[in-house]
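The values are calculated or read from the model by the stated rules, or taken from the named source; none is laboratory data. Quantities reported herein were computed from a predicted structural model and do not represent experimental measurements. Because the Cβ atoms are built from the backbone with ideal geometry, glycine has one as well, and the counts that use them run over all protein chains shown.
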Amino acid sequence: MGYVLAIDQGTTSTRAILFGEDRAVVAAGQEEFRQHFPRSGWVEHDPSDLWSTTAATCREAMERAGVRAGDIAAIGITNQRETVVLWDRKTGRAVAPAIVWQDRRTAEMTHELKEQGHERMARERTGLLLDPYFSGSKLSWMLDQDGLRERAERGELAFGTVDSWLIWNLTGGEVHATDATNASRTLLYNIHEQQWDQEMLKLLRIPESLLPEVLDSNADFGMARADLFGAPIPILGVAGDQQAATVGQACFRPGMLKSTYGTGCFALLNTGERPVLSENRLLSTIAYRIDGKTTYALEGSIFIAGAVVQWLRDGLKIIRHASETQALAEAADPHQSVYLVPAFAGLGAPWWDPDARGAIHGLTRATGPAELARAALESVGYQTLDLLEAMRRDWPEGEADTVLRVDGGMTASDWALQFLADMLDAPVDRPKILETTALGAAWLAGSKAGVWPGMEEFAQSWKLDRRFEPKMPDDDRARKIAGWRDAVRRTLTET
């Protein structure tokens, strides 16, 4: 009974990772699925793909390890946040494609709400901004299609972020729930009162009957059906992916920082027992809620991080594998100052300009693939600097760590992490276990089940792989940052 199964449902693939009692990875399964782009700026998933790949990868991990359901103490779930699923309560089938967090179709709606003066209220209640990124406007748009609002008002439909959709399917429709971290990303949840916010529901015209019950991140989310895996398994941990990574990095003390580099980049600063209302267009969010106690965070979201490397591969076709970027960056002409502002889907924090589009500045006739690859990797370091400087302005009285803990696919690049340390002028720590998102979900479930240690012992088990110390001369650093700031200024549509 010492195994814990973590479901990590992401934007482009689903993974299931089986951890042993010693918190080591025993086996994993992974399956990609399609993203759909029906129009410019629209991003959708087929909800059935999210569920079928979840069930399949769980079985794959169990089969590879030779582990039966009866040997698994608990399931933990972590998921892509803000993505909206709407389904029929009776049939359990989705009534529309899932609208993905990257989708921008509600830009006009959120702009109008801002023009009407509603953003201050939204920020004060939910900690979020009026932006297409969040679930609320997506759900409102969805309800306006095909008579779905009338069906919702009759109580026929259920809404959820991806975690709720998976819980519903795992439990055979017995449980309609989410956790506080996912709820805090919907634009519908009052993070101070810890309940769905009536004013935001009214503003976005969303019936409360649609919404899931909000539980702690370590709670009883029901039992996975016996027919799925051979025996029932309790679901005891749920957290949105960035909050799960915060837990997996053991950032339990106020002032601790982590940044995850996947498709996008998400930096979270633990601010302790009280939320900090950002004056620099960062997000106030719930880091985790454990045993009824809420811990808050400031979050900065970069829409494009690892995706910029995918663009080099799939769009420009100047590389075949992501690993090639490091050698290209090292070979780039040091005398060229090329800046890539990857606003492919607008700019996130701290700019929040949904209409900005990507731009490359400083091109010359001598610019080639090496310089573009270097500019792509550098863009991630520059954007992280923008986030962390905004965090320090918002929380000047806090004792923010000068060390950044990092995880995610891009952290495999030593070059990128060294540049990040140089731009931040602070150490960057890469842990031995890079599967921090799945590890966080597993710890929530495993500690609740009593087979994994508590918070303090778990934090002490965090191990460093490598620390990157800043090496760049101050003058070079200042010059490069000034060039980046100028490139961003030229890219912004809202000044």
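Some observations on this one:
- Flag if Asp49 is within 24 Å of Phe221 (Cα to Cα) and not in a strand (DSSP E or B): yes
- Looking across segment 73-97 at every residue that is charged (D, E, K, R) and surrounded by fewer than 24 Cβ atoms within 10 Å (Cβ to Cβ), the one that is nearest to Leu139 (Cα to Cα) is identified as Asp88.
- When segment 182-197 is filtered for residues that are farther than 17 Å from Leu129 by Cβ and assigned to a strand (DSSP E or B), the ones remaining, listed by number, are Gln195, Trp196.
- Single residue of segment 101-110 satisfying the filter (surrounded by fewer than 21 Cβ atoms within 10 Å (Cβ to Cβ) and not charged (D, E, K, R)) that is nearest to Thr260 (Cα to Cα): Ala107
- Number of positions in segment 272-304 that are within 17 Å of Tyr189 (Cα to Cα) and out of contact with any Leu (no Cβ under 9 Å at 6 or more places or on another chain): 8
- Residues located in segment 21-30, provided they are surrounded by 15 or more Cβ atoms within 10 Å (Cβ to Cβ) and over 19 Å from the mean Cα position of the chain (by Cα): Arg23, Val25, Val26, Ala27, Ala28, Gly29
Okay, residues lined up against (1) more than 20 Å from Ala177 (Cβ to Cβ); (2) of a type in the set (D, E, K, R):
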residue	(1), (2)
Ala94	no, no
Pro97	yes, no
Arg105	yes, yes
Leu139	no, no
Gln145	yes, no
Arg149	yes, yes
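- For the residues Ser259, Ser278, the requirement of being in contact with a Ser or Thr (Cβ under 7 Å, 6 or more places away or on another chain), farther than 23 Å from Arg125 by Cα and not in a helix (DSSP H, G or I) singles out Ser259.
- The residue of segment 280-306 that is nearest to Gly381 (Cα to Cα), among those that are among the small types (Gly, Ala, Ser) and under 17 Å from the mean Cα position of the chain (by Cα), is Ala305.
- Residues that are among the acidic types (Asp, Glu) and assigned to a loop (DSSP other than H, G, I, E, B) were ranked within segment 208-227; the one that is surrounded by the most Cβ atoms within 10 Å (Cβ to Cβ) is Asp216.
- When residues of segment 116-133 are limited to those that are touching a Lys or Arg at 6+ places or on another chain (Cβ under 7 Å) and within 17 Å of Ile191 (Cα to Cα), the one surrounded by the most Cβ atoms within 10 Å (Cβ to Cβ): Leu130
- If you go through segment 30-54 and keep only what is modelled with pLDDT under 95 and of a type in the set (A, V, I, L, M, F, W, C), you end up with Phe33, Phe37, Trp42, Val43.
- Some residue of segment 281-294 being touching an Asp or Glu at 6+ places or on another chain (Cβ under 9 Å), closer than 16 Å to Thr411 by Cβ and in a strand (DSSP E or B): no
- Members of segment 431-465 found to be of a type in the set (Gly, Ala, Ser), closer than 16 Å to Asn218 by Cβ and not in a helix (DSSP H, G or I), listed by number: Gly450, Gly454
- Residue within segment 171-181 that is free of Cβ contacts under 8 Å to residues at least 60 places away in the same chain, surrounded by fewer than 24 Cβ atoms within 10 Å (Cβ to Cβ), in a strand (DSSP E or B) and over 21 Å from the mean Cα position of the chain (by Cα) present: no
- Single condition Lys448 does not satisfy, out of (1) closer than 30 Å to Leu236 by Cα; (2) free of Cβ contacts under 8 Å to residues at least 40 places away in the same chain; (3) basic (Lys, Arg): (2)
- Residue ranges of helices (runs of 4 or more DSSP H) in segment 295-406 with at least 2 members touching a Gly at 6+ places or on another chain (Cβ under 9 Å) and among the charged types (D, E, K, R): 369-394
- Qualifying residue in segment 405-424 (condition: within 19 Å of Met256 (Cβ to Cβ) and free of Cβ contacts under 8 Å to residues at least 40 places away in the same chain): no
- Selection within segment 5-16 - modelled with pLDDT of 90 or more and out of contact with any Gly (no Cβ under 8 Å at 6 or more places or on another chain): Asp8, Gln9, Thr14
- Residue in segment 263-275 that is nearest to the chain's Cα centre (by Cα), counting only those that are part of a loop (DSSP other than H, G, I, E, B) and farther than 18 Å from Asp386 by Cβ: Thr263
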